[in-house]
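Values in this text are rule-based calculations from the coordinates and carry no lab data. A quick note: this is a predicted structure, and the numbers were derived from the prediction, not measured. Here the Cβ positions follow ideal geometry from the backbone for every residue, glycine too, while neighbour counts run over all protein chains shown.
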Amino acid sequence: MTRQPFILRNPSVLAVLALLAAFTLAVTLMSAAYGSGVIPTSTVKVLGKTLCLALAALAMDLVWGYLGILSLGQMAFFALGGYMIGQWLMYARTEAIVAASLSGNPIPPTAQELREAVANQIFGVVGSADLPLVWTLAHSLTAQLVLVVAVPGLLALVFGWLAFRSRVNGVYLSILTQAMTLALALWLFQNDSGFRGNNGLSGLQNIPGLDGVSQARLSVWFLWASAAALALFYLLAAWVVGGKFGSVIRAIRDDETRVRFLGYPVEGFKLAVFTLAAMITAIAGALYYPQAGIINPAELMPIASIYLAVWVAIGGRGRLYGAMIGAIVVSLLSSWFTGGRAPDLNLPGYTVKWVDWWQVALGLSFVLVTLFAPKGIAGIVDRLAGILPPRRHGRALGPDQGALQEQEAKA
């Protein structure tokens, strides 16, 4: 008997991909570049960035929802991906501007003179005229694309190897990931870090070589790229967690000691998932910041990773589509409330301005979901779809919610 393809054996995966394709097509047909113009370019950019955040949440769910590691450093990888692609975007754009300004000179500039002029333009804001060593490959798009995944992946590999081999678990591991993120952010804030300190990298929305392409068209192109990346990595993540590898990492989440006693290389599984999630998050960042136009060290402060964890919890930890839903819903609501578009709430003697109260509402939502809907929005979707968990009884075999019981009830 021929085994069906993975996507046909998992109708929920097919449904998510179909919804994502329909959403992308609808936005394209309502955009100013390819359709009726009902959706303005600024909104298309917001939607494209939201899909990137959903991809970051997907990676977070792999680490937290399936492996059981509450990583508070995921946005460090997100920002590193943005910095890597931002280097090429800023260098190539500045190089084109400098070359055009020097083209009228009687004697054409040499390659070294051009490089020095570019360095002066980029780093003059921090009082330097030299190109730092970390910008050695900034002129090469291919090299920077490799670095988008290589730098965050290497950081995750080294950090994970040191932490996992030391058997650091639980809240202590979360604190370590948060400390790593804070240390990286503080280093990037320094002017001599090589990344322009607090100024960050700007003008990233201007894609070199595409000066004749309007922002309306570019925003749709980035929407397509973000949707394609989200679909591809959702399919990859679903395939990973749906096989034997996924069973092992869920077992590690539920009872790491038992899995280790069974002879599985627990540290190897942890390191593989942690590194994979870091690289996926970095790709999301590399797609996000050209749409945002600017990146600075504030983007990877620990609070950003905490927000990411809140999105995953609200969406539904341990459900890939739940993490994506949580990121999309909360991100769009955040844009609506903090953008001043939400009407003020007039109470007797006090007016609630959502620009100031949105974070309070988000924190309250997180508490309510944790107490009354631990499966998040995905749990509600499962109930509406008639997907109910198996009836279980007996003593839990693991500390995590959803762990196997001593006796599983038969359907």
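If I build a Gaussian network model for the chain, linking alpha-carbon pairs within less than 10 angstrom, which residue out of Ala26, Ala216, Ala228 has the largest mean-square fluctuation?
Ala26
Please sort 85-94, 337-346, 315-324 by packing, taking for each peptide the average over its residues of neighbouring beta carbons within 10 angstrom, highest first.
On the way: 85-94: 23.4, 337-346: 12.3, 315-324: 26.8.
Per-residue mean Cβ counts within 10 Å order the peptides as 315-324, 85-94, 337-346.
Between region 213-291 and region 33-72, what's the alpha-carbon centroid distance in Å?
Value for the Cα centre distance between the two parts: 13 Å.
For the chain, set up a GNM with springs between Cα atoms under 10 Å and report which of Thr136, Thr28, Thr351 has the largest fluctuation.
Taking springs between Cα atoms under 10 Å, the residue moving most is Thr351.
With the contact rule set at Cα under 8 Å and sequence spacing of 6 or more, what percent relative contact order holds for region 4-147?
Working: 83 pairs, mean separation 21.6, N = 144.
After rounding, I find 15 percent.
Expressed as a rounded percentage, what relative contact order does the chain have, with Cα pairs under 8 Å and six or more residues apart?
Numbers: 599 pairs, mean separation 111.8, N = 411.
Dividing the mean separation by the residue count of the chain yields 27 percent.
Kindly express, to the nearest 10 degrees and within the range 0 to 90, the angle between helix 320-338's C-alpha long axis and the longest C-alpha principal axis of the chain.
50
Cut-off under 21 Å on the C-alpha distance; same-chain residues fewer than 8 positions from Lys244 excluded. Which lysines are left, in chain and number order?
Lys270
What residue among Met60, Leu19, Phe78 has its Cα farthest toward the positive end of the dipole of region 1-152, where the charges are +1 on Lys, Arg and -1 on Asp, Glu, each on the Cβ?
Leu19
By how many degrees, between 0 and 90 and to the nearest 10, does the Cα long axis of helix 11-29 differ from the longest principal axis of the chain?
It works out to around 30 degrees.
Given the peptides 4-14, 56-66, arrange them by the average over their residues of other C-beta atoms within 10 Å, most packed first.
On the way: 4-14: 12.6, 56-66: 27.6.
In descending order of packing, they fall as 56-66, 4-14.
Please compute the length gained on full extension between Ser335 and Glu113, using 0.36 nm multiplied by the number of residues separating them and subtracting their Cα-Cα distance. Spell out each step's value before the answer.
Values: separation 222, 0.36 × 222 = 79.92 nm, distance 4.41 nm.
Between Ser335 and Glu113, full extension yields 75.5 nm more.
Restricting to the chain, compute how many DSSP beta bridges are antiparallel as a %, nearest 5.
Working: 8 of 9 bridges.
The antiparallel proportion sits near 90 percent.
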